[in-house]
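What follows is one structure encoded as structure tokens, with my remarks underneath.
The values are calculated or read from the model by the stated rules, or taken from the named source; none is laboratory data. Here the structure is a predicted model, which is why all the values come from computation and not from measurement. Counting neighbours? That spans all protein chains shown, and the Cβs are built from the backbone with ideal geometry, glycine included.
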Amino acid sequence: MMKTLFKMFLTFARIGGFTFGGGYAMLPMLQREVVEKYKWATNDELLDYYAIGQCTPGVIAVNTATFIGYKLKGIPGAIFATLGVVTPSMIIIGLIAAFISNFRDLEVVQWAFSGVRAAVVALILSAVIKIGKKSIVDIFTALIFVVVAVLSFVTDLSPVIFVVTAAVCGLIIKISKEKKAKEDEK
Amino acid sequence: MIFLELFIRFFFVGLFAIGGGLATLPFLQSMGETTGWFTASDISDMIAISESTPGPIGVNMATYVGYQVGEISGVAGGLFGGIVATLGLITPSVIVVIIVSKMLQRFKDSKYVEYAFYGLRAASIGLVASACLGVAKLAFWSSEIMTETGSVFAAVNYKSIILSAVIFLCITKFKKLHPIALILLSAVVGIALKM
């Protein structure tokens, strides 16, 4: 038990320490570590956690870590995974706040970050393609995907609105399909 | 007791900010106004630092604010303040997520939950795609240069686009490469090319 908890802490610390650009940018790392390497969750589950993590209060990265930790090892798992994901931030921000008051103005930092941003674009894109193949299964899901991606990019609407609307759409589409199938049987 | 106040104030931010790290912003603004701990321009500094350091943005902001507030008792106070603020921020979401997880386990086999997830997963991946567009805009496009020169061609960052394309090829060609390796490599390339 202790060993798994510790492994979860370290894995999530590694993910937190190398996530640049907020919770969504975590997806490629989660996919590699949590889905492919340790098989703690499936791609579908990851997406579910992301979507629900939008609608529950707090930071998405934390919510996702809590979900996975809880699924694996209950409440202790939730706590260890969550502490793991926030620990690097606390250390790095603490050090910067304490010692490097001009961190943002350092040219070398800006160069490094321009490079990292370019890599993050490629990493997220490849994660979207990989996971999208499994979740975008028909014309309806393709439509939901495109509408959400575009609207969320060009407007300031809260992600909660998209998630809730899409869930309702999912229900309506599936239920009406079911009805139609039954009528066809008759 | 300033640390207790930090914890409680961030606890409420964590409880009410729904929709990810940047959703904490309006709450931080009103916190700055009521407590006088930081100003609006401090907040924009905090956003800049949070976005250019690894980790979830909301957590970075909490740590940074906590440090600034606790610093009146020295560096150790600052570090402690950072920890207290972060724990305050994440405590409510850990509790809520555990409750939601329990409910999900109970209704996991309901076909209606499955139906809702059918639509929800597509939206979820759509949100990630939109985040990708956001980072791409930051990486490939400089609105500052655009307003300065008025030239679309000057505002496009070609080095970034090429680096991005190369990294993307690496990901598809060499599936074993770890994302961390690619991030470190691109940081080195960024410094070498003075991007």
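Checking each residue in the stretch B:161-195 for being in contact (Cβ under 8 Å) with a residue 12 or more places away in the chain, more than 7 Å from chain A (Cβ to nearest Cβ) and either closer than 16 Å to A:Arg32 by Cα or not in a helix (DSSP H, G or I) (or both) picks out B:Cys170, B:Leu193.
Of all the listed residues (B:Ile72, B:Ile47, B:Ile83, B:Ile98), the sole one being without any contact (Cβ under 8 Å) to a residue 24 or more places away in the chain, over 30 Å from A:Leu72 (Cβ atoms) and aliphatic (A, V, I, L, M) is B:Ile47. The residues of the stretch A:124-169 that are basic (Lys, Arg) and in contact (Cβ under 8 Å) with a residue 24 or more places away in the chain, listed by number, are A:Lys130, A:Lys134.
Within the stretch B:44-83, being closer than 16 Å to A:Gly58 by Cα, part of a helix (DSSP H, G or I) and of a type outside the set (S, T, N, Q) holds for B:Ile57, B:Gly58, B:Val59, B:Met61, B:Ala62. Just one residue in the set B:Gly55, B:Gly82 is at the interface with chain A (Cβ under 10 Å from one of its Cβ atoms), buried (at least 22 other Cβ atoms within 10 Å of the Cβ), closer than 12 Å to A:Met90 by Cβ and in contact with a Pro (Cβ under 8 Å, 6 or more places away or on another chain); that residue is B:Gly55.
Here is the figure for the stretch A:149-163: residues that are modelled with pLDDT under 90 and either among the aliphatic types (A, V, I, L, M) or in the same structural domain as A:Tyr49 (by TED's automatic domain parsing) (or both) total 4.
Criterion first (more than 30 Å from B:Lys175 (Cβ to Cβ) and within 8 Å of chain B (Cβ to nearest Cβ)) does A:Leu125 satisfy it? Judged against the criteria, A:Leu125 is not a match.
Just one residue in the set B:Phe27, B:Phe10 is assigned to a helix (DSSP H, G or I), closer than 28 Å to B:Gly134 by Cβ, modelled with pLDDT of 90 or more and more than 13 Å from the chain's Cα centre (by Cα); that residue is B:Phe10. Search the stretch A:77-110 for residues being small (Gly, Ala, Ser) and more than 25 Å from the chain's Cα centre (by Cα), and hand back the single one that is farthest from the other protein chains (Cβ to nearest Cβ). Out of the qualifying residues, it is A:Ser101. So A:Val146 passes all but one of these: (1) over 21 Å from the mean Cα position of the chain (by Cα); (2) not assigned by TED's automatic domain parsing to the domain that holds A:Glu33. Which condition number does it fail? For A:Val146, the exception is condition (1).
Looking only at residues in the stretch B:139-160 that are of a type in the set (Ser, Thr, Tyr) and in a helix (DSSP H, G or I), the one that is farthest from A:Leu30 (Cα to Cα) is B:Thr149.
Taking the condition without any contact (Cβ under 8 Å) to a residue 40 or more places away in the chain, part of a helix (DSSP H, G or I) and more than 7 Å from every other protein chain (Cβ to nearest Cβ), does A:Ile175 pass? No: the conditions fail for A:Ile175. Six or more apart or on different chains, Cβ atoms under 7 Å: show the pairs whose first residue is in the stretch B:27-42 and farther than 16 Å from B:Phe11 by Cβ and whose second is β-branched (Val, Ile, Thr) and surrounded by fewer than 17 Cβ atoms within 10 Å (Cβ to Cβ). Final answer for the pair search is B:Gly32/B:Thr39. Among the residues of the stretch B:121-144, those identified as surrounded by fewer than 16 Cβ atoms within 10 Å (Cβ to Cβ) and at pLDDT below 85 are B:Ser143, B:Glu144. Can you pull out the residues in the stretch A:35-86 that are within 17 Å of B:Leu15 (Cα to Cα), in contact (Cβ under 8 Å) with a residue 24 or more places away in the chain, out of contact with any strand residue (DSSP E or B) (no Cβ under 9 Å at 6 or more places or on another chain) and polar (S, T, N, Q)? Hits for the stretch A:35-86 are A:Thr64, A:Thr82. Could you please let me know if B:Ala129 is part of a helix (DSSP H, G or I) and farther than 28 Å from A:Pro57 by Cβ? Considered against the rule, which asks whether it is part of a helix (DSSP H, G or I) and farther than 28 Å from A:Pro57 by Cβ, B:Ala129 comes out as no.
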